[in-house]
């Protein structure tokens, strides 16, 4: 049995408060789990929460694990001062886009907020299918977030992948930039070598073509 192949690029924000950025990503090709999460910059310990969501999604994409994820996040905090304890009580937040593939063909996507999935069909050089923000819709100024409070409303989409299709997961900065560009940008994202893609995205950000934010892209190729 063959499995999907995944490539992850994650570039921390140049002038962010965290040297590692607030994005998190991961995948398990054998189990068919692929996910990105973008921690809300204004939230407490957002990168830790994003990483927690990624880990739990890979283990169980059905997402019936909100309480366990919150408990795991809290257990990992170091709260030495009254200020950090108060901040922890306010909780954390992140967006998420995840993909679960069965047999490398059927897939189900889950999303909260403005991290997106794009499905580029092998036989179609036009715009890919976009989820959860459809073509023509604006990216929200205040996207919905997966918080450590109550479980979120999950957007879901199911489909099938054919040989040669490419599924692209992206956090908001990359998604906004690519959505505003020409259709050819999607084929470029899908076919460029990882090292060159990472360097080019960083260059575009340095030149302010892409906003100064964490940049994460996860490219998933179904088995041939």
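Taken together, the values in this text are just the output of simple stated rules run on the coordinates, not laboratory data. What you are looking at is a predicted structure, and each value in this text was computed from that prediction instead of being measured. Positions of Cβ are backbone-derived with ideal geometry, glycine not excepted, and every protein chain shown enters the neighbour counts.
Worth a mention:
- Over the chain, relative contact order from alpha-carbon pairs under 8 Å, at least 6 apart, %: 28 percent
- Applying 1/(1 + (r/R0)^6) with r as the Cβ-Cβ distance of residue 158 and residue 194 and R0 = 22 angstrom yields a FRET efficiency of 0.20.
- The chain: angle of helix 66-75 to the longest principal axis, Cα-based, in degrees nearest 10: 60 degrees
- A simple spin-label model places the labels of residue 86 and residue 208 3.7 nm from each other, with each point 7 Å out along Cα-to-Cβ.
- On Cα atoms only, tilt of 46-59 relative to the major axis of the chain in degrees: 60 degrees
- Applying 1/(1 + (r/R0)^6) with R0 = 30 Å to the Cβ-Cβ distance of residue 30 and residue 124 gives a FRET efficiency near 0.55.
- The mean sequence separation of alpha-carbon pairs under 8 Å and at least six residues apart, normalised by the residue count of segment 104-163, gives a relative contact order of 53 percent.
- Highest-MSF residue in the chain out of 165, 137, 206 [GNM, Cα springs under 10 Å]: 137
- Paired Rg and Dmax values of the chain, which use every Cα atom, in angstrom: 17.1, 58
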